[in-house]
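Notes to accompany the following structure.
The values are calculated or read from the model by the stated rules, or taken from the named source; none is laboratory data. None of these values were measured; they are calculated from a predicted model. A quick note on method: Cβ atoms are made from the backbone with ideal geometry, for glycine too, and the neighbour counts reach across all protein chains shown.
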Amino acid sequence: MYKLVLISKYLRRKLAPMFAALAVTLCTMMVIIVISVMGGFLDLLRASAQRLSGDVIVSAGSFTGFPYYQELIDAIDALPEAEAATPIIRSYGLLKLGDRNNPVEVEGILPEGYDRVVGYKQSLYWTTQKMLDAFDHRYEPPLDEYEQSYRDKLAEQDLVEFGMTFDPPAARKQRAGRDDLDAIVLGIEISPRNQRDEQGRYDINRSSISDDVTLTVLPLTSEGGVLDLEIKPRPFAVVNEFKSGLYDVDANRVYVRLDTLQKMLLMDAWEKLDDEGFPTGEKTQPRVTEVLVKAAPGVPLEALRRAVDGAVRKVQRRHADMPVLFTMTWEERHRTLLSAVQNEKGMVTFLFVIISVVAVVMVGTTLYMIVLEKTRDIGILRAIGASRLGIANVFLGYGLAIGIIGALIGAGLAYLIVNNLNGIQEWLAAWFGWRMWNPQTYYFDRIPDEVKTTDAVAIGIGAVISCVVGALISAFIAARQDPIEALRHE
């Protein structure tokens, strides 16, 4: 009982322990805030990377692609581990937007199937409501007859539907003079006009959704050779833009329909010719470069990969002309990016943990000074029967109490700060005109603002253990005190 009484007395009557607890509070708060924000970035990147690739990818590892993909998709759809599968073509091309020629990554997709696997529809940035909001912001009521008529026409345009069907409005086809005009969806960072405001939002009046562009790609043979053809740019109407959450993708990728890109790359089914250039009556197999697969609910990623790999091997055994296919998870596809961010998170957290050693030193110094000051009290306790272990436990308990108080207050403050980081930023911007997080510079519009309970608990326990470690030397010195010499201490 005397141990608890002494610990309580020292905590209430000494100012130095409060400074030690404050150091623990600040260090705990600092580490939790850093690991929460960095961990939030990693979670956002992981979610964005998974949305781009589905759960498992089947690929030949080349731009020439592979045939019999529909047979493979049928085999994957029959697997209980798979919920959906869709083919894509991944290639590169030259996009002419205005007077700019941009090298871009071109993906040919089946919109409905692609949406089932990766949630493509949700990535389409522009909606009819955003278009109407921009109109209402520009024109104040009451609207005249022309303005109201124009607004009504805008309301009839479903921008998301245009992005899903890849079918431009009739007016766009008429303007281009082509009934067969194809549609294209650009990454929102491709157009130099798309600049975000201070809130991280884009202005639809500066977007490319009303632009016409041309796209040039390079057809390859199934063996990887370049076809001896006159390559012509193909016109497209931009019907929407997408935002995936990864800057490099949004600044370099465009989407077109799968069959359109197959024709442009000569990866569709076409009649074979003999050595003299005459039709043979046989057709080539259409090709794609990848098949993306989504896992059924509750199916582990590795279990899906093994099941898909088995289906791939069965299809390959039936076709001798099918190239070797590789099956990988989305984590393996984006390993380089995710590992870099994971390493940065670990490095920054490690640096802040090293800085937090000051709390251990602070606790050790504080308790050492108390031992020197209370030498006579220690002698009295030893003289009336207190054991060496009991004396040591007093100071170890003292360090434990400081750690618990500091960790609890630090975790509470960190929780409040992290969960209100974006509100704090808005307040700083309103009162001082300063933003600690500028969405014009950083890709994510909002600061990650979620504290993981497991991380906070682990850091709090680490802070408490550090305080106990800091108290060990002082506890050892106190326990080694000779009672007679301690009573003589002035």
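Count, please, the residues in the range 143-184 that happen to be of a type outside the set (S, T, N, Q) and part of a helix (DSSP H, G or I).
Here is the first cut: in the range 143-184, the ones of a type outside the set (S, T, N, Q) are 143-147, 150-156, 158-164, 166-173, 175-184.
Going one step further and asking which of them are part of a helix (DSSP H, G or I), we end up with 145-147, 150-155, 159-164, 170-173, 175-176.
So the answer is 21.
Scanning the range 212-233 for residues that are at pLDDT 85 or above and either under 30 Å from the mean Cα position of the chain (by Cα) or outside any loop (DSSP other than H, G, I, E, B) (or both) yields Asp212, Val213, Thr214, Leu215, Thr216, Val217. At pLDDT 85 or above, in a helix (DSSP H, G or I) and either farther than 17 Å from Ala20 by Cα or among the charged types (D, E, K, R) (or both) - does that describe any residue in the range 370-393? Checking the range 370-393: not a single residue is at pLDDT 85 or above, in a helix (DSSP H, G or I) and either farther than 17 Å from Ala20 by Cα or among the charged types (D, E, K, R) (or both). Given the condition touching a residue at least 12 places away in the same chain (Cβ under 8 Å), of a type in the set (Phe, Trp, Tyr), touching a strand residue (DSSP E or B) at 6+ places or on another chain (Cβ under 6 Å) and under 18 Å from Tyr255 (Cα atoms), answer yes or no: does some residue in the range 115-123 qualify? Within the range 115-123 (the criterion being touching a residue at least 12 places away in the same chain (Cβ under 8 Å), of a type in the set (Phe, Trp, Tyr), touching a strand residue (DSSP E or B) at 6+ places or on another chain (Cβ under 6 Å) and under 18 Å from Tyr255 (Cα atoms)), the answer is no, since none of the residues qualifies.
For the range 283-330, filtering for residues that are modelled with pLDDT of 90 or more and of a type in the set (S, T, N, Q) leaves 4.
Criterion first (in contact with a helix residue (DSSP H, G or I) (Cβ under 7 Å, 6 or more places away or on another chain), among the aromatic types (Phe, Trp, Tyr) and under 30 Å from Gln316 (Cβ atoms)) does Tyr92 satisfy it?
On the way: in contact with a helix residue (DSSP H, G or I) (Cβ under 7 Å, 6 or more places away or on another chain): no; among the aromatic types (Phe, Trp, Tyr): yes; under 30 Å from Gln316 (Cβ atoms): yes.
In short, no.
Do the conditions hold for Ala401, that is, is it within 25 Å of Val37 (Cβ to Cβ) and modelled with pLDDT of 80 or more?
Details: within 25 Å of Val37 (Cβ to Cβ): no; modelled with pLDDT of 80 or more: yes.
No.
With the structure loaded, tell me whether Ala85 is out of contact with any Gly (no Cβ under 7 Å at 6 or more places or on another chain), farther than 20 Å from Trp330 by Cβ, modelled with pLDDT of 85 or more and not polar (S, T, N, Q) or whether it fails that test. For Ala85, the condition - out of contact with any Gly (no Cβ under 7 Å at 6 or more places or on another chain), farther than 20 Å from Trp330 by Cβ, modelled with pLDDT of 85 or more and not polar (S, T, N, Q) - is not met.
The residues of the range 316-354 that are in contact (Cβ under 8 Å) with a residue 40 or more places away in the chain, more than 27 Å from the chain's Cα centre (by Cα) and surrounded by 12 or more Cβ atoms within 10 Å (Cβ to Cβ), listed by number, are His319, Met322, Pro323, Leu325. Residue count for the range 452-463 under the criterion of being among the β-branched types (Val, Ile, Thr) and crowded, with 22+ Cβ neighbours inside 10 Å: the result is 1. Among the residues of this structure, Lys96 counts as one that is closer than 22 Å to Pro192 by Cβ and assigned by TED's automatic domain parsing to the domain that holds Thr216.
Do we have Thr441 as at pLDDT 85 or above and surrounded by fewer than 17 Cβ atoms within 10 Å (Cβ to Cβ) here?
On the way: at pLDDT 85 or above: no; surrounded by fewer than 17 Cβ atoms within 10 Å (Cβ to Cβ): yes.
So Thr441 does not fit the description; no.
Contact map, the range 161-189: residues that are more than 17 Å from Pro111 (Cβ to Cβ) paired with residues that are among the hydroxyl-bearing types (Ser, Thr, Tyr) and surrounded by 22 or more Cβ atoms within 10 Å (Cβ to Cβ), Cβ distance under 7 Å, separation 6+ or inter-chain. Pairs shown: Ile188/Tyr125.
Any residue that is surrounded by 14 or more Cβ atoms within 10 Å (Cβ to Cβ), touching a Lys or Arg at 6+ places or on another chain (Cβ under 9 Å) and polar (S, T, N, Q) - is there at least one of those in the range 127-145? Scanning the range 127-145 turns up no residue that is surrounded by 14 or more Cβ atoms within 10 Å (Cβ to Cβ), touching a Lys or Arg at 6+ places or on another chain (Cβ under 9 Å) and polar (S, T, N, Q).
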